[in-house]
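The values are calculated or read from the model by the stated rules, or taken from the named source; none is laboratory data. If you're wondering where the values come from, they're calculated on a predicted model, not measured in any experiment. Cβ sites come from the backbone with ideal geometry, for glycine too, and all protein chains shown count toward neighbours.
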Amino acid sequence: MSFSNNSSWGHLFVKGRALALFVVGITILLLCLNSWTELPVSSIQNTILRRSTETSDTAIWQPKTGIKWQIQLENAVEDIAMGADIFDIDMFDNTAAKISEIHNKGAKVICYFSAGTYEDWRPDANKFTDSDFGNALEDWPGERWLNLHSDNVRKIMQSRLDLAKQKGCDGVDPDNIDAYGNDNGLDLTEADSIDYLDFLASEAHSRGMSIGLKNGGDIIPSVIEKMQWSVNEQCAQYDECDVYAAFTDVGKPVFHIEYADEIEVNNKLKIRAVTSSQKSAACDAKSAENFSTVIKNMELDAWVEYC
């Protein structure tokens, strides 16, 4: 009988202690929840966004400013012994083996394709439909502006990005995204290009590749956060390098091209002639803005001159 009474008191003691611990635990939990709800919403959002951004940034290649580069879009690349750290090359004309060879030299590869125009010589040209096309490009035979809203166009670009990934490209250089500044025949606006670049950036990043803005100075503020670099043609000639310096100001490179004149000799031979004023303007941009500057011929073949 006494044993039974002692056992009952023991059970009551244990139950009472458990109940006390439960009450204390609930109190602590409520205090923590109350502290969390008192945090400003902006602080919570900033914490989440900061964590998300860091995860994204570490997965995507971000080249440094002022790095040496070469761009060759005419024919397959052969000369890779020039010491460039980055090669911007045509995605269709170069094989995975060539890209691997460039990687073995310690350089990165940016793969070029036209994202905003149809080119009738490309291997996937038959996938476009008549409803995808706008006006023909003046001075560029076989090219037409593309409807940036077309689901079919976007599907083709996804396939091109798949190909870039398969070939081992580190990033992509989607050209002709600035239809808004041209007679495109589709009433395309800056907002259309911004939306299209958002799509391309998301698709490239989801495949682990970087992406850059080709020209398009008017929309830099709207897209720069999603771009890893800028490729610019002739900002020195048109006195607009300060516009593209928005990239170097935030530690992202500007791959800058100025074009040399070509002079015919005896109506046959064309020679590349870089005037002192051309070279001075190009190299001034490199010096002032820390651009990655090259002087090229319009055909964008292997020839290059550095500052």
Would you check if there is a residue in segment 257-264 being under 21 Å from Glu289 (Cβ atoms), of a type in the set (Gly, Ala, Ser) and in the same structural domain as Val153 (by TED's automatic domain parsing)? yes
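Looking at segment 235-250, can you tell me whether even one residue there is touching a residue at least 24 places away in the same chain (Cβ under 8 Å), farther than 21 Å from Arg144 by Cβ, part of a strand (DSSP E or B) and more than 13 Å from the chain's Cα centre (by Cα)? Outline the logic, then answer.
Narrowing segment 235-250 to residues touching a residue at least 24 places away in the same chain (Cβ under 8 Å): 235-237, 241-248, 250.
From what's left, farther than 21 Å from Arg144 by Cβ: 235-237, 241-248, 250.
The next check asks that each one be part of a strand (DSSP E or B); those that pass are none.
No: segment 235-250 contains no residue that is touching a residue at least 24 places away in the same chain (Cβ under 8 Å), farther than 21 Å from Arg144 by Cβ, part of a strand (DSSP E or B) and more than 13 Å from the chain's Cα centre (by Cα).
Condition check ((1) farther than 24 Å from Glu258 by Cα; (2) loosely packed, with under 14 Cβ neighbours inside 10 Å) across all residues:
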{"site": "Asp88", "(1), (2)": "no, no"}
{"site": "Glu101", "(1), (2)": "yes, no"}
{"site": "Asn104", "(1), (2)": "yes, yes"}
{"site": "Ser131", "(1), (2)": "yes, yes"}
{"site": "Val153", "(1), (2)": "yes, no"}
Among (1) over 20 Å from the mean Cα position of the chain (by Cα); (2) in contact (Cβ under 8 Å) with a residue 60 or more places away in the chain, there is one condition Gly168 misses while meeting the rest; what is its number? (1)
Note on segment 176-196: residues under 17 Å from Phe133 (Cβ atoms) and of a type in the set (Val, Ile, Thr) are Ile177
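Looking at segment 61-86, which of the residues that are among the polar types (S, T, N, Q) and under 16 Å from Ser210 (Cα atoms) is surrounded by the fewest Cβ atoms within 10 Å (Cβ to Cβ)?
Initially, segment 61-86 is screened for residues among the polar types (S, T, N, Q), giving 62, 65, 70, 72, 75.
Okay, now just the ones that are also under 16 Å from Ser210 (Cα atoms), so 62, 65.
Numbers: Gln62: 13, Thr65: 17.
Per the stated criteria, the residue is Gln62.
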Looking only at segment 43-53, decide whether some residue is in contact with a helix residue (DSSP H, G or I) (Cβ under 9 Å, 6 or more places away or on another chain), modelled with pLDDT under 95 and outside the structural domain of Leu148 (by TED's automatic domain parsing). yes
All positions within segment 168-182 that are under 26 Å from Lys108 (Cα atoms), of a type outside the set (D, E, K, R) and surrounded by fewer than 20 Cβ atoms within 10 Å (Cβ to Cβ): Gly168
Out of all the residues in segment 121-137, is one or more touching a residue at least 40 places away in the same chain (Cβ under 8 Å) and over 28 Å from Thr189 (Cβ atoms)? no
